[in-house]
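Accompanying notes for the structure given below.
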Amino acid sequence: MKPVTRRKFIASTGAGLLLPALPRLACAQDIAIEAKAAAVQLVPPEYGKTDVWAYDGSVPGTSLRLRQGERLRRTFINQLDQPSTIHWHGIRLENAMDGAAGFTQEAVPPGGRFLYDFIAKDAGTYWYHPHRNTLEQVSRGLAGPLIVEETEAPDVDDDLTLLIQDWRLDPDAQIVSDFANLHDMAHAGRIGNHLTVNGDQAWVRTAQTGQRLRLRIINTASDRILRLGGEGLAGYVMALDGMPLRQPEAFREIVLAPAQRADIFADIAAQPGETAHLTSIERQGTFSLAAFPVKGSTAKIARSAPGPLPPNPVATPRLEEARKLELVMEGGAMGQMASARMADGKTRSMRELIDQGMIWALNGTAGMTDQPLADLGLGENVRVRLVNRTAWPHAMHLHGHHFQEISDGTLGPLRDTILMMPREEREIGFVADNPGRWMFHCHMLSHQAAGMMSWVNVTS
Ligand code: C2O
Ligand code: CU
């Protein structure tokens, strides 16, 4: 008998064998998503593979794609040797599906499973990650894209997800496991030394002059703020944190804090033989994150500026009647925080806090407590003044809602994560229309781990 290659085997089985299998595969309950140890090639092959933790063994995890209004049903299976959960970042879902360990659900123990089941009511670019020991679990590779397609696809030639990860690797290409490093926690967090796009240090996709590419860029770095630019492409920022802008904006440079996303329509301007790039603009220079070598050009004539993507059904806050709250960030290196309360209600000096791994506080409290920042009525309009009294940037993320920045009485784009620069004060507004307990924390995971955690309670 001649050996049969896998490709031939699949081709020759035909519909007769494949079709009966389909209904079972399509049966949602059977679809699992597994967190487990794996080894992947993150660096040039001469350095060997890196041991990671990954969803379904790949970095990034399986790209989950569904249509707006569709249901996502996935059984999370935890094959790690520590508890975990999945949080669906940016999705306005039911509280019980939010994946906040010890808060909206019990952490899933090693070998355990949990069925996540929710409707994706907003189109856009989202992602998923663990919400237990998050700094370590994300830094070891657990992150994946969650793409919710518009019911009518926009006019683009390609739709590409670029999930960016920041790794701290040793000379053997292994992850440095200094997660509870006080110095990082008190400063800008765990900044890695190796960026990948879709798990690849040199991600490449051929393109044609005149093509319009939709780039869904996701910053899943634990702590690194990305400044992105383009070369050989002219683009439009279409959406931020999944939510369409009312009017697309010309793309020159964009800053993405940890957890933030941007949807960009990039028109390839580079000529055949040239290469267009998405770049990372850093102090040491400008680096290519994704390269688009141009082979040929499209027959089409250049497209005109795109109209906005269809809006998602998010309520607009009414500012006149909004309840006013304040969230003050304190602590960190050069922050002069003298003391803060902890979960047990006791006030501790900075030295005592550090002994407990706490370096930051929100409204005077370090770490999660059973006291919410506020009890909000369902449908209540809220405005929160964010006050950064620290010497460091923070990426404040609210679960279960999107908010809008308020400046000079006008509302900015919808976001789920806002970057606060040192000493900055900004204000956000939202409608508390999703009942449940929702975390509100810094998405610089080193800061979150060291105390920058809070929550709001929306009562129905
Ligand atoms: Cu992306 Cu509380 O998380
Ligand atoms: Cu922070």
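The values are calculated or read from the model by the stated rules, or taken from the named source; none is laboratory data. Note that the structure is predicted; figures quoted are calculated from it, not measured. Positions of Cβ are generated from backbone atoms using ideal geometry, with glycine treated the same way; all protein chains shown enter the neighbour counts.
Things to note:
- Residue check for L215: surrounded by fewer than 20 Cβ atoms within 10 Å (Cβ to Cβ), under 18 Å from the mean Cα position of the chain (by Cα) and either modelled with pLDDT of 95 or more or more than 16 Å from ligand 2 (Cβ to nearest atom) (or both): no
- Among the residues of region 187-212, those identified as buried (at least 22 other Cβ atoms within 10 Å of the Cβ) and under 30 Å from E330 (Cβ atoms) are G189, R190.
- Complete set of residues in region 436-454 that are within 15 Å of L373 (Cα to Cα) and more than 19 Å from the chain's Cα centre (by Cα): G436, R437, G451
- E330 acidic (D, E), free of Cβ contacts under 8 Å to residues at least 60 places away in the same chain and surrounded by 14 or more Cβ atoms within 10 Å (Cβ to Cβ): no
- Restricting the search to strands (runs of 3 or more DSSP E) fully inside region 261-360 and requiring at least 3 residues that are under 30 Å from W455 (Cα atoms) and out of contact with any Cys (no Cβ under 6 Å at 6 or more places or on another chain) gives 261-268, 323-331, 339-341, 347-349.
- When region 365-400 is filtered for residues that are among the small types (G, A, S), within 16 Å of ligand 2 (Cβ to nearest atom) and surrounded by fewer than 19 Cβ atoms within 10 Å (Cβ to Cβ), only A391 remains.
- The strands (runs of 3 or more DSSP E) falling completely within region 14-102 that include 1 or more residues that are of a type in the set (K, R) and modelled with pLDDT of 95 or more map to 32-40, 64-67, 71-78.
- Entry remark, region 141-161: residues being surrounded by fewer than 23 Cβ atoms within 10 Å (Cβ to Cβ) and either within 16 Å of ligand 1 (Cβ to nearest atom) or of a type outside the set (G, A, S) (or both) number 14 in total.
- So G451, is it in contact (Cβ under 8 Å) with a residue 12 or more places away in the chain, within 11 Å of ligand 2 (Cβ to nearest atom) and at positive phi: yes
- For A262, the test of being modelled with pLDDT of 95 or more and surrounded by fewer than 24 Cβ atoms within 10 Å (Cβ to Cβ) is failed.
- Answer from G332, G345, G377, G357 - the residue that is in contact with a helix residue (DSSP H, G or I) (Cβ under 6 Å, 6 or more places away or on another chain) and away from ligand 1 (no atom under 16 Å from the Cβ): G332
- Number of the exception - T104 against (1) away from ligand 1 (no atom under 15 Å from the Cβ); (2) of a type outside the set (D, E); (3) buried (at least 20 other Cβ atoms within 10 Å of the Cβ); (4) more than 17 Å from the chain's Cα centre (by Cα): (1)
- Subset of region 405-414 [of a type outside the set (S, T, Y) and either within 30 Å of M334 (Cα to Cα) or within 16 Å of ligand 2 (Cβ to nearest atom) (or both)]: E405, I406
- Residue among L80, L72, L93 that alone is within 18 Å of the chain's Cα centre (by Cα) and away from ligand 1 (no atom under 15 Å from the Cβ): L72
- Leading residue by the ranking (surrounded by the most Cβ atoms within 10 Å (Cβ to Cβ)) among those in region 218-259 that are free of Cβ contacts under 8 Å to residues at least 24 places away in the same chain and not in a loop (DSSP other than H, G, I, E, B): F251
- Filtered residues of region 367-384 (kept if under 25 Å from the mean Cα position of the chain (by Cα) and farther than 24 Å from M342 by Cβ): V382, R383
- Looking across I91, I77, I175, I119, one residue alone is in contact (Cβ under 8 Å) with a residue 24 or more places away in the chain and closer than 19 Å to A221 by Cβ. It is I175.
- Picking from residues in region 122-142 that are more than 10 Å from the chain's Cα centre (by Cα) and hydroxyl-bearing (S, T, Y), the one that is farthest from ligand 2 (Cβ to nearest atom) is S139.
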